[in-house]
Amino acid sequence: MHISRFPGSPRPKWPAPVVALGNFDGLHRGHLKLVEQVRRRAGERSGTPAAMIFDPHPPKVLRPDKALPLLMTLDQKIEAFGRAGLQGVAIVEFTRELSRWEPEAFVETVLVDWLRVAEVWVGANFLFGRDRSGTFTLLKALGDDRGFRVDKIEPVLYKDFVVSSTRIRHLVTEGRVDEAGALLGHHYFIDGTVVRGDGRGATLGYPTANLETANELLPAYGIYVTIAVIEGASHPAVTSVGIRPTIGDGRLTVETYLLDGDRELYGRRMRVAFVKRLREELKFDGLEPLRAQIARDCDEARRVHERIAL
């Protein structure tokens, strides 16, 4: 995977770049259909399948007070592009100055002079340039004039719903992670580093790994069946997201208990993939009722993982 940045990086020497252009938050089923088309077209013309994205996410620059939390970090997005078979990612630094560029200036400066695209593929609702005045029709006309192909894919449906980052974000914030995963095409996940907590989980007989994460979007408070990925190995797990009303101090924590045995994890990177929500967060009258509920949660999570394995 070759990463190039505009401005700052020399012109990528990619043969006949066929580019998926957009923000791609979450890289869901709709995005993957676009990526598949880019890969197919690049293969047909011996070109380079690539993505062009904007960083920071435009709303964070233009309307930071209204910007929604993102489904993926930049590193996760780049990793996902690689898994999907793209060979390059062009990252355009989004600034207020860039937002004032006319669509023609963006096409001429970035797509033609810098990247020298052969084809550009976008989603049906893609807009760009000053005041989002650049439409698909305009982009196609500019491509015809400057010698590169422009095309689009239509929205992807899943069980009569249009697959969109907005809908997936809504499902995650409601704790409906199984439904979000269906639209994503994979479990919703967060990455982070395991840090020391207060050790209360160990005193209850369930030592947990406390995750410090850069991901902006966490599922609704509650207890989840999860998969913990550590150094490429997957472990069945249970994860608590919330403030631990029985034993906590009001701070938000993400704590994961590995069902296949305790291990030293401090300082290690861990991915937590959310499979299913078991229940909401509850306050118990003491440690014994809490311990009993944790045992029930773990038993239920094991049953879910057994079904997954089948």
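The values are calculated or read from the model by the stated rules, or taken from the named source; none is laboratory data. Small disclaimer: the values here were computed from a predicted structure and weren't measured. Quick reminder, even Gly has a Cβ in these numbers, built from the backbone with ideal geometry, and neighbours come from all protein chains shown.
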All positions within the stretch 176-214 that are aromatic (Phe, Trp, Tyr) and in a loop (DSSP other than H, G, I, E, B): Tyr206
Among Thr256, Thr208, Thr246, Thr226, which is the only one that is surrounded by 20 or more Cβ atoms within 10 Å (Cβ to Cβ), touching a Leu at 6+ places or on another chain (Cβ under 8 Å) and under 19 Å from Ile294 (Cβ atoms)? Thr256
Need the failing condition index for Leu32 against (1) out of contact with any Pro (no Cβ under 9 Å at 6 or more places or on another chain); (2) surrounded by 15 or more Cβ atoms within 10 Å (Cβ to Cβ); (3) within 19 Å of Leu127 (Cβ to Cβ), just the number. (3)
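Residue-by-condition table, conditions (1) modelled with pLDDT of 95 or more; (2) loosely packed, with under 15 Cβ neighbours inside 10 Å; (3) more than 23 Å from Leu138 (Cβ to Cβ):
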residue: Arg11; (1), (2), (3): no, yes, yes
residue: Val19; (1), (2), (3): yes, no, no
residue: Ile53; (1), (2), (3): yes, no, no
residue: Leu70; (1), (2), (3): yes, no, yes
When (1) modelled with pLDDT under 95; (2) under 27 Å from Val229 (Cβ atoms) are applied to Arg169, the one that fails is (1)
Scanning the stretch 6-46 residue by residue, the ones that are more than 20 Å from the chain's Cα centre (by Cα) and more than 22 Å from Asp151 (Cβ to Cβ) total 7
If Thr137 meets every condition in (1) assigned to a helix (DSSP H, G or I); (2) β-branched (Val, Ile, Thr); (3) under 26 Å from the mean Cα position of the chain (by Cα) apart from one, which number is that one? (3)
In the stretch 274-302, which residue that is basic (Lys, Arg) and under 12 Å from Val238 (Cα atoms) is surrounded by the fewest Cβ atoms within 10 Å (Cβ to Cβ)? Arg296
In the stretch 110-133, anything surrounded by 15 or more Cβ atoms within 10 Å (Cβ to Cβ) and at pLDDT 95 or above is listed as Val110, Leu111, Val112, Trp114, Leu115, Arg116, Val117, Ala118, Glu119, Val120, Trp121, Val122
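Yes/no matrix, rows are residues, columns are (1) under 22 Å from Phe24 (Cβ atoms); (2) of a type in the set (S, T, N, Q); (3) not assigned by TED's automatic domain parsing to the domain that holds Tyr224:
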| position | (1), (2), (3) |
| --- | --- |
| Arg169 | yes, no, yes |
| Gly175 | no, no, yes |
| Asp178 | no, no, yes |
| Arg196 | no, no, no |
| Gly199 | no, no, no |
| Leu204 | no, no, no |
| Pro207 | no, no, no |
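Quick grid of which residues meet (1) free of Cβ contacts under 8 Å to residues at least 60 places away in the same chain; (2) not in a helix (DSSP H, G or I):
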site: Pro245; (1), (2): yes, yes
site: Gly250; (1), (2): yes, yes
site: Met270; (1), (2): no, yes
site: Ala273; (1), (2): no, yes
site: Glu300; (1), (2): no, no
Could we say that Val238 is buried (at least 21 other Cβ atoms within 10 Å of the Cβ), under 15 Å from Asp297 (Cα atoms) and assigned by TED's automatic domain parsing to the domain that holds Glu216 here? yes
